[in-house]
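The next block holds one structure in the form of structure tokens; read it before the comments.
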Amino acid sequence: MKISVLNGSPKGITSVTMQYVHYIQKELPQHELKILNISQKIRKIEKDAQAFQDILDEISISDGILWASPVYFFLVPANYKRFIELITEKGVEDTFQNKYTAFLSTSIHFFDHTAHNYMHAVCDDFKMRFAGSFSADMYDLMKTKERKRLRLFAENFFDTIRNNTPTSKRYMPISWRNFDYNPGDVKNKTDVGNKKILIVADIESHHKNLIRMIERFKASFSTEIETINLRDLHIKGSCLGCIHCGYDNQCVYEGKDDYIDFYNKKVKAADILVWAGTIKDRYLSARCKMFFDRSFFNGHQPSLAGKQVGFIISGPLSQIPNLTQVLEAYVEIQHSNSGGFVTDEYGDSAEIDSLLQCLTNRLVKFADNNYFKPPTFLGVGGTKIFRDEIWGRLRFPFRADYMAYKKLGTFDFPQKKYKMRLRNAIMQLLSKLPAFRKEVNKRMKKEMIKPLQKVLEK
């Protein structure tokens, strides 16, 4: 069989992800895997109609499509996202329709599931036949057990194509509301005091609802609020995955475009950040994704810690819970606080006005009171993955992260809690006595709440 491999890594064939594809090719040489370097050549694909058509021609004669990509910031890289947008913009979805497909990713298992959810949903939107996915740790290929598992994944994909096996859809098509938002007058303006507020937006001229929501939101404040349109920034390119920044947070793009100065002088300086954008496919735009990817010059450090964050989104956000989770996780991993979301999907201008006003008041109130919600599994689990990786195998090359984590106290391993370890050891020994175990079972409920009751008594 002939399989088109759409490579999402900006590093081309030298990427970690492609080594997994090469392994599949070596193990199953009876199949032809044609690698198409999408992310690495996205500029040419965007500008050169023939280059884009060549990719479509390869796909049209293939028996299946393997999407293969590293995970960047909860999703696929921005350039890969841009290619997916081009498919819709150029109206060539039919080339992908009914093609068998699968998704292969490499990562450290940090929110790889949201990247897989996204790709599965995109494939369903293109009416493809999704035959499965495989999420590999970046160095799983070095393990015999994992190589076997990779081969079985590939064999299952090829067998599904050969046998014309039926596949089921997981994601329903998105339904957009035909609605024009018309904001009303602002009656009460919110005093921001000395707080710095910044709106980072991806605005195109046809985004009428988004433009109006931003203006209505800004009008709710007592002072002028700065808005930066990502379209107006000179951003030379997306993250290259080169890890040049790992040693001292110095990006390879340093001094070559506007991004780093903008992030350091504007984004980091704000007390309240509001992201504003329009949904494209199952995410925001590739331009927004480029913004997040490029912020990786900060490594895995929470560069926006202590900020209040809000979101103004045009589009059916409630139909894409994966996107909501990505944005909420981003805020928690940054050690920031989410003030909430406002969208135009409600179809009621007065209600949107009210929600925007409430978002204004809430963000300022949270900032004034230094309020931060406790992190959920999104923030706690994600931070622990970073903690373990930076302490261990990623200490080099991410030296800057390691030094920052030491300073922040991120290396809070339970192994360092010696009193707890001693207590547990004693209790483990005592639990071998039947009488002790019986007494513990009888008193367990009351003992669990005893420390909390002491707080209440005070």
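Need one number: nm distance between label points at Lys268 and Arg395, each 7 Å from Cα along Cα→Cβ, rounded to one decimal.
Computed distance between label sites Lys268 and Arg395 equals 2.6 nm.
Which percent of Cα pairs goes in each bin when the distances of the range 59-126 are cut into 5 angstrom slices starting at zero?
Going from the shortest bin to the longest, the percentages are 4, 16, 28, 26, 16, 8, 3.
Percent of accessible area on the chain owned by carbon and sulfur, 1.4 Å probe?
With neighbouring chains kept in place, the figure for the chain is 54 percent.
For the chain, what does the accessible surface come to per residue with a 1.4 Å probe? Please give it in Å². Can you show the working numbers first?
On the way: 23060 Å² over 458 residues.
Per residue, the chain has an accessible area of 50 Å².
What is the calculated FRET efficiency for His109 to Met403, with r their C-beta to C-beta distance and R₀ = 25 Å, to the nearest 0.05? Kindly include the intermediate steps, with their values, before the conclusion.
Numbers: r = 24 Å, r/R0 = 0.96.
Efficiency at R0 = 25 Å is approximately 0.55.
Which length gain, in nm to one decimal place, applies between Asp257 and Ala51 when the Cα-Cα distance is subtracted from 0.36 nm times their residue separation?
The span from Asp257 to Ala51 would gain 71.5 nm if fully extended.
List, largest first, the extents of the alpha carbons of the range 184-242 along their principal axes, each in whole Å.
49, 31, 15
Rounded to the nearest 10 Å², what accessible area does Tyr402 show when all protein chains are kept and the probe is 1.4 Å?
40 Å²
Could you tell me which GluC sites (Glu not before Pro) in the range 1-78 are loop residues by DSSP with no more than 11 other beta carbons within 10 angstrom of their beta carbon?
none
Based solely on its DSSP helices, what 222 nm [θ] is calculated for the chain when runs of n ≥ 4 H residues each add -39,500 (n - 2.57) and the sum is averaged over all residues, nearest 500 deg cm²/dmol?
On the way: 15 runs with 196 residues, N = 458.
Helices in the chain give a 222 nm mean residue ellipticity of -13500 deg cm²/dmol.
Hey, got the Cα dimensions of the range 64-215 along the principal axes, in Å, largest first?
65, 37, 23
Projected area of the range 1-144, taken from the Cα convex hull and averaged over every viewing direction, in nm²?
Dividing the Cα hull surface by four gives the mean projection, 7.9 nm².
Grab the eigenvalues of the alpha-carbon gyration tensor for the range 27-67, scale each by 5, take roots, and send me the semi-axes largest first in whole angstrom.
Values: eigenvalues 102, 28, 9 Å².
Equivalent-ellipsoid dimensions as semi-axes: 23, 12, 7 Å.
Would you kindly state how much longer the chain becomes between Met444 and Lys236 on full extension, computed as 0.36 nm times their sequence separation minus their alpha carbon distance, in nm to one decimal?
Additional length available on full extension: 68.8 nm.
Pick out, from Ser133, Trp176, Ile161, the residue whose Cα sits farthest towards the positive end of the charge dipole of the range 111-250, with +1 on the Cβ of Lys and Arg and -1 on the Cβ of Asp and Glu.
Ile161
Over every pair of different alpha-carbon atoms in the range 19-92, take the mean of 1/r and invert it; report that Kirkwood radius in Å.
13.6 Å
The values are calculated or read from the model by the stated rules, or taken from the named source; none is laboratory data. These numbers were taken from a predicted model, which means no experiment stands behind them. Reconstructed Cβ throughout: ideal geometry from the backbone, glycine too, with neighbour counts over all protein chains shown. These accessible areas exclude ligands, DNA and RNA; they are computed on the full protein's heavy atoms, side chains included. Shrake-Rupley method; radii C 1.70, N 1.55, O 1.52, S 1.80 Å.
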